[in-house]
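The values are calculated or read from the model by the stated rules, or taken from the named source; none is laboratory data. Small disclaimer: the values here were computed from a predicted structure and weren't measured. Cβ coordinates were reconstructed from backbone atoms using ideal geometry, including for glycine residues, and neighbour counts include every protein chain displayed. These accessible areas exclude ligands, DNA and RNA; they are computed on the full protein's heavy atoms, side chains included. Shrake-Rupley method; radii C 1.70, N 1.55, O 1.52, S 1.80 Å.
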Amino acid sequence: MICKAEIKLTGDEYAGFYSCGLTMLGSSTMRRFTSVQEKDGLFEAVSEDGLKLSTRTTKSTVSDAYEVRTSFTNLSPKAVTLEMITSFLLPDIKADRVHRILSFWSAEGRVKADNLVDLNMEHSWNHMAFRVEKFGNVGSMPVRKYFPFVALEDSETKVFIAVQLYSPASWQIELTVRRDDTVTLSGGIADRDFGAWSKKVLPGQTFEAPMAVFAQGSTLEEACAKLVCAQQPAISPIDEDMGIVFNEYCTTWGNPTIDNLKKLADQIAGKGIKYLVMDSGWYSDCGYWWEYRGEWSINKKRFPNGLKELADYVRNKGMIPGIWFEFETVGYKADAFGDADHLIQKDGVPLTIGGARFWNMEDPYVREYLKRNVTDRLKEDGFGYIKVDYNDTLGIGCDGDEAPGENLRRKVLATQAFFRTMREEIPDLVIENCSSGGHRLEPSFMQLASQASFSDAHEILSLPIIAANLHRVIQPRQSQIWAVLRAADSRERIFYSMCATFLGRMGLSGDVYDLNEEQWKLLEGAIAFYKEAAPIIKNGTTTQILTNVKRYNAPEGCQLVVRSYEDKILCVFHRFEHSCTLEEFCKAHYFELPAGTVLHSYGEAACDFSAEAAILQM
């Protein structure tokens, strides 16, 4: 299948037929191209005055999926301004359903399926007027309300076509119907209408759109698995073994000290945990960690001898020390909050959102400041792991020498460049991609990190539901899932929490020094099971996410996730309120459990809000 593309230049005629403001497809810009060729995966359109639009579709080297790269080159004698460019355009798709993946804070990954007829996406009686369903996101949190993902389903032929956009800032996806009942599926940077974006392209210049990847399958899970497999994250060499993380945030709640972290290191040493990560609150002597973000002076009340003492202590206990930063943000009590010349501005004043401002990551001064305070600290103090947080969005755009949406896009690309710089200076560095949990679980950010915070769902009941749903958009080997342990946890609650971590990377927190002997045995059993399951989590394919759950806050029913690798299968089963046994659940959903030999098992799903997992040999 050859993917196509479209652009819209300012000054050119819009398509009409009630589409202006809904879509920029079908404009007179595309009539400029008098020479159009489609051959060997290349779509190329050239105008007589030297404009060239190219889209190359290539088979992924690691998956049964296709990568799409679109570029626009201006070889004319005059500058032109793009106000829309698609990353991909797939015409004439036969489909009757659309699948989208929703996301809000601590509620990531819910699948939304709609019949196209329910969206009023039937062609007009004379095949002239556009039908448009357009969705996306504006801002610097690319996963907010929607993931940059879509899948079209033909329920008659059981064919799914799914697409992921690799767009770290504002993006859009469009479904359009005009002639007959086939769908044109397109997407890319959020355009001038949707994201206040335009881009001036000078003579001789080329502009490249964000990459897209598409795949086909006979089920939604199959198509999604191909997209996820196509992602190629920059996993740190020391993180290839799926090491377990302990993050102390749900232990100290932003109040780490040298004494409580030493106590924690003593408690978890020798338990099979690879990383001990110190979260927020280690900086500034003055007060609440949230208010002083951006002021990276060490809190001498909490760490009188500096942070190297902590890093050395953790390493001497056989673990790799980690540290939290939110380096793009400046809290309202930090000294840099008034440093307007180096902060992102909107309407001529620093952009302020919820008591925070944001560094201009394109500014050489800012890059040097962050080198001294972030990269140099990692190297000098001996941290091998960094959790990069980001806790708000810049909105539709900001000031600069181009349109607000383009200025925003450049700021985010500069942030990604800093991620790369950290790895260049510290090749083994393990980077955790966090944005209030899951707001940056987008492929281009995920490719810069070893791991990601799957959500800020620390202890809530929907935690295993979110963890399962994210299999459709990110690789489970990168999805770090919280299991927060408390002294009051029952046997069933520990099974419930720990089995969720088998759906990704095990991430521990909580009051582990208050656990009794029986609780520690349950935790140690989960760690042992996780290490046996790690190859399946890392290399496998998720074939089933079977559930009847409707609500995240008050889940009812059950969930079964099946993931296979070579001759082994990992099954993880959770029960919620008003649940049933695994056998009853499978029977009700006409699903036959794999009939292999049980090699390892953990947990017991004997009642509501309990769980069990098994590794089968086939």
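Below are the figures for this structure:
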| item | result |
| --- | --- |
| Residue within segment 119-128 that is open to solvent by 40 Å² or more (accessible area, probe 1.4 Å), farther than 28 Å from SER155 by Cα and in contact (Cβ under 8 Å) with a residue 12 or more places away in the chain present | no |
| Tally of residues being within 21 Å of LEU378 (Cβ to Cβ) and either among the small types (Gly, Ala, Ser) or open to solvent by less than 60 Å² (accessible area, probe 1.4 Å) (or both) across segment 290-310 | 14 |
| Which listed residue is under 26 Å from SER167 (Cα atoms), touching a Lys or Arg at 6+ places or on another chain (Cβ under 7 Å) and either buried (at least 17 other Cβ atoms within 10 Å of the Cβ) or modelled with pLDDT of 95 or more (or both), from SER19, SER47, SER71, SER63 | SER63 |
| Segments classed as helices (runs of 4 or more DSSP H), wholly inside segment 343-425, with at least 1 members that are open to solvent by less than 50 Å² (accessible area, probe 1.4 Å) and closer than 28 Å to MET84 by Cα | 404-425 |
| Search result, residues across segment 176-211 that are in a strand (DSSP E or B), within 16 Å of ASN137 (Cα to Cα) and of a type in the set (A, V, I, L, M) | ILE189 |
| Residue among LYS158, LYS112, LYS134 that is in contact with a helix residue (DSSP H, G or I) (Cβ under 9 Å, 6 or more places away or on another chain) and either surrounded by fewer than 23 Cβ atoms within 10 Å (Cβ to Cβ) or touching a residue at least 60 places away in the same chain (Cβ under 8 Å) (or both) | LYS134 |
| Considering residues of segment 246-289 that are closer than 19 Å to GLY382 by Cα and without any contact (Cβ under 8 Å) to a residue 40 or more places away in the chain only, the residue most open to solvent (accessible area, probe 1.4 Å) | ASP259 |
| Residue in segment 86-93 that is of a type in the set (Gly, Ala, Ser) and either surrounded by 20 or more Cβ atoms within 10 Å (Cβ to Cβ) or modelled with pLDDT under 95 (or both) present | yes |
| Verdict on GLU424 being closer than 20 Å to TRP197 by Cα, charged (D, E, K, R) and out of contact with any His (no Cβ under 8 Å at 6 or more places or on another chain) | no |
| Of all residues making up segment 11-62, the number that are out of contact with any strand residue (DSSP E or B) (no Cβ under 8 Å at 6 or more places or on another chain) and among the aliphatic types (A, V, I, L, M) | 2 |
| Residue in segment 76-90 that is without any contact (Cβ under 8 Å) to a residue 60 or more places away in the chain and closer than 30 Å to GLU221 by Cα present | no |
| Matching option when the condition is farther than 20 Å from LEU276 by Cα, surrounded by fewer than 19 Cβ atoms within 10 Å (Cβ to Cβ), free of Cβ contacts under 8 Å to residues at least 12 places away in the same chain and among the hydrophobic types (A, V, I, L, M, F, W, C), among ALA488, ALA554 | ALA488 |
| Residue satisfying all of: in segment 311-338; over 30 Å from LEU413 (Cβ atoms) and small (Gly, Ala, Ser); least open to solvent (accessible area, probe 1.4 Å) among these | ALA311 |
| Residue under evaluation SER564, criteria (1) of a type in the set (S, T, N, Q); (2) within 18 Å of GLN480 (Cα to Cα); (3) in contact with a Pro (Cβ under 9 Å, 6 or more places away or on another chain), criterion not met | (2) |
| Conditions (1) assigned to a strand (DSSP E or B); (2) more than 28 Å from ASP428 (Cβ to Cβ); number of the one not met by LYS300 | (1) |
